[in-house]
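The values are calculated or read from the model by the stated rules, or taken from the named source; none is laboratory data. On a predicted model such as this, the values are computed, not experimentally measured, just so you know. Using ideal geometry, Cβ is built from the backbone for each residue, glycine included, and neighbour counts are taken over all protein chains shown. Remember, those area values only see protein heavy atoms, side chains included, never the ligands or the DNA or RNA. Shrake-Rupley method; radii C 1.70, N 1.55, O 1.52, S 1.80 Å.
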Amino acid sequence: MTLAEQYIAFMTIVRKEIRRYLRIWTQTLLPSAITMSLYFVIFGSLIGSRIGDMGGFTYMQFVVPGLIMMAIVTNSYSNVVSSFFGSKFNNSVEELLVSPTPNYVILMGYVVGGITRGLFVAVVVTLVSLFFTRLHVHSYVIVAVTVLMTSTLFALAGFINAVYANSFDDISIIPTFVLTPLIYLGGVFYSMDLLPDFWAGVSRLNPLVYVVNAFRYGVLGVSDVSLPLAFGMIGLFTVAAFSFSMHLLNSGTRLRQ
Amino acid sequence: MIPALTIENLSKVYGDGFEALKGISLRVEQGDFFALLGPNGAGKSTTIGIICSLVAKTAGRVCVFDVDIDRDFAAAKKYIGIVPQEFNFNQFEKPLDIVVNQAGYYGMPAELARQRAEQYLRALGLWDKREVQSRMLSGGMKRRLMIARALVHEPRLLILDEPTAGVDIEMRRSMWDFLRKINAEGTTIILTTHYLEEAEALCRHIAIINHGEIVEHSSIRELLRRLNREVFILDCVEALPDSVAVAGFKVRRSDANTLEVEVEKGQFINQVFVELERQGIHISSMRNRANRLEEMFVNLVEGGA
């Protein structure tokens, strides 16, 4: 395929993905807006007002970046995992596999679909957050880079989950038992300074710590981890997830007999 | 002229050790209408799966219009259109979107994709249904949708895996007419089917696969020429006497107005008509008892069992 043909194939997948989640917006976009509004009300307004300052900011200001990032992570992940597993389940993935579309184009098509949903929900959640607090963005560049890298990483993770999943149970197990605990323990609701040294060390194995802190730095200008380390770790995880996803596609694992 | 498809010593062993293909070789010429027959589990779908990349081969060589799939699978895939046995599209999508998207996966610009989608959806009688959810289509319509999708990039080789399974007779006939038309226009067609009359009606060449091996590979004409015996059913105008005999032929009275006559290779059925006419028996119509190919198929498959 020429590059122009590959671009057409790529855009076909991306458009199809966007149409899919917009068509079922009550399942894909609305729940995040409602959940995050509840977080803002409960953790930010009701409980947050009794917690006091965290890292030099009001608790509401402190949790907003983490909650926006939480929405990006869960949405970019769940878009790819549900869409790609769905296409495996109804065998429509064969439409792509029999076509000359290169594997990296297939992967990037699904990943960009996941990124767009992550961004879409991020904008919605950010707008909702403005009802509760005022946001002063410290660095738009860092915010943009963090959002793009994070949504790419978790879209890739969703893809890997979808390839290995055999049932709809399998696509909910990882988000429920792995992703959600990682998010909650990733410093969305607290500063790492509050943890004992041992648990602070353990937390550094959690990729969500780097994601949340990089984004928090972009918004508030403060972070529990150094920015180069955060971007380095996100980049490392992303390269690893991309390489593994390409290996799965090239070997046909769980896709070709 | 280069062949449309060449398969050499193709084998497939699945992870559980099952040997689905045992080094088969096949050649399909350009413009041919080719039938790949065999009982369930014989290896037909595995062969097709390998050709279109859904199944990884264990060994052997596959070339599509002289393009080796191991060297340039993307180029080979452009030549192929595949209509699988099972419905493999998102049933919540609309037929128009399904066909246009498939064109996109082949790198076709949007405007051309839409034109082609309209052309093939119209040709297959689905244009009026282009905006309904595909799950609302009947089984026959879903099969035609998969044909439209397979044709949108105008492949030179169309492979259909049991395209008329579960399709009513009228729909099957119209599908046959459509396939004959695109074959006449130059598309090479490979068909697997359980309906042997379908293979006989449509195809010029045939391969029979059984237990992962090719047990027959020839033209339909050659295959039929080898039939040693045919049974004809004769419908008679008047009620028959209790016993009817024709010298040199096995004749059986199946009911008051019907005779079954066995004609061996080298015998002439005219002799039967002459003798029955002499006995005052008048024939109103005649047909084969069973599909001729079916008899040959059963012999070949059971012989190899």
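Some points to look at:
- For the range B:96-115, a reduction of at least 30 Å² in accessible area between the chain on its own and the assembled protein chains (probe 1.4 Å) is found at B:N101, B:Q102, B:G104, B:Y105, B:Y106, B:G107.
- Rounded to the nearest 500, the 222 nm mean residue ellipticity of chain B from helices alone is -10500 deg cm²/dmol, with -39,500 (n - 2.57) taken per DSSP H run of at least 4 residues.
- The phi torsions of the range B:5-15, fed into the Karplus equation with coefficients 6.51, -1.76 and 1.60 and a -60° offset, translate into couplings of 9, 10, 10, 10, 6, 7, 9, 9, 10, 6, x Hz, rounded to whole numbers, with Gly and Pro shown as x.
- Farthest toward the positive end of the dipole of the protein assembly as shown, out of A:G56, A:L29, B:Q267, is the Cα of A:G56, where the dipole comes from beta carbon charges about the Cα centre.
- Under the Karplus curve 6.51 cos²θ - 1.76 cosθ + 1.60, θ = phi - 60°, whole-Hz ³J(HN,Hα) for the range B:69-77, x wherever Gly or Pro sits: 5, 6, 8, 8, 5, 4, 5, 5, 5
- Global geometry of the range B:1-73, whether rounded, prolate or oblate, following the gyration tensor of its Cα atoms and the 1.5 cut on a/c: oblate
- GNM top mover of B:G280, B:G38, B:G104 - chain B, alpha-carbon springs below 10 Å: B:G280
- Residue of B:F232, B:F273, B:F178 that the Gaussian network model of chain B assigns the largest fluctuation, springs spanning Cα pairs under 10 Å: B:F273
- Projected area, mean over directions - the protein assembly as shown, Cα convex hull, nm²: 33.3 nm²
- Max mean-square fluctuation residue, GNM over chain A, Cα-Cα springs under 10 Å, options A:G114, A:G186, A:G55: A:G55
- Scaling against 2.2 N^0.38 Å puts the C-alpha radius of gyration of the range A:126-233 at 1.17.
- Between B and A, roughly 2300 Å² of accessible area is buried in total, ligands, DNA and RNA not counted and the probe set to 1.4 Å.
- Residues of type lysines that B:K265 reaches as a straight line, Cα spacing below 25 Å, ignoring anything fewer than 8 places off in the same chain: B:K250
- Helical segments meeting 24 Å axial Cα length and Kyte-Doolittle 0.5 threshold in chain A (DSSP H): A:59-89, A:103-129, A:140-164, A:227-251
- The magnitude of the dipole of the range B:60-172, with charges of +1 and -1 set on the Cβ of Lys/Arg and Asp/Glu and taken from the Cα centre, is near 160 debye.
- With every protein chain in place, the protein assembly as shown: carbon and sulfur % of accessible area (1.4 Å): 58 percent
- Folded to 0 to 90 degrees: helix B:169-184 orientation relative to chain B principal axis, Cα: 70 degrees
- Tilt relative to chain B, helix B:110-123 - C-alpha long axis, 0 to 90 degrees, to 10: 10 degrees
- Of the residues B:G186, B:L151, B:Q133, the one whose Cα sits farthest towards the positive end of the charge dipole of the range B:106-230 is B:Q133 (charges of +1 on Lys and Arg Cβ, -1 on Asp and Glu Cβ, taken about the Cα centre).
- Cβ-Cβ FRET estimate between A:F168 and B:D128, R0 fixed at 30 Å, reported to 0.05: 0.30
- Net dipole in debye of the range A:131-252 [+1 Lys, Arg Cβ; -1 Asp, Glu Cβ; about Cα centre; nearest 20]: 280 debye
- On Cα atoms only, tilt of B:292-304 relative to the major axis of chain B in degrees: 70 degrees
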